[in-house]
């Protein structure tokens, strides 16, 4: 299938193995909005089979948008690795006094 074909775009929306790119969110929102309009048109013309197929694609688009939101949320959260910062370790001093060599 050619990447610009409608079938390819819609099938890529349903593929759970493809990780969506959050920078392309605006394009997916356009696709979702277009699907909503096409579903309304199909239902008004009583093309029930077409409307059902479009609803499947719409569910896939919504799932990908939710997945994008999760990716953005995960990327923006800081993870504490419990590694002490330099400022926490630099101020530490030894509690053992230095040993002096025995001098006669």
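Points to keep in mind about this one:
Yes/no per residue for (1) surrounded by 11 or more Cβ atoms within 10 Å (Cβ to Cβ); (2) modelled with pLDDT under 90; (3) within 29 Å of residue 74 (Cα to Cα):
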{"position": "6", "(1), (2), (3)": "no, yes, no"}
{"position": "9", "(1), (2), (3)": "yes, yes, yes"}
{"position": "12", "(1), (2), (3)": "yes, yes, yes"}
{"position": "20", "(1), (2), (3)": "yes, yes, yes"}
{"position": "33", "(1), (2), (3)": "yes, no, yes"}
{"position": "36", "(1), (2), (3)": "yes, no, yes"}
{"position": "44", "(1), (2), (3)": "no, no, no"}
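- Within the range 29-47, considering residues that are more than 26 Å from the chain's Cα centre (by Cα) and part of a helix (DSSP H, G or I), the one farthest from residue 65 (Cα to Cα): 44
- Contact map, the range 70-86: first residue closer than 22 Å to residue 25 by Cβ, second residue assigned to a helix (DSSP H, G or I) and at pLDDT 70 or above, Cβ cut-off under 9 Å, separation 6 or more or different chains; pairs are 71/22; 72/22; 72/25; 75/22.
The values are calculated or read from the model by the stated rules, or taken from the named source; none is laboratory data. As the structure is a prediction and not an experimental result, all values here were calculated from the model. Positions of Cβ are backbone-derived with ideal geometry, glycine not excepted, and every protein chain shown enters the neighbour counts.
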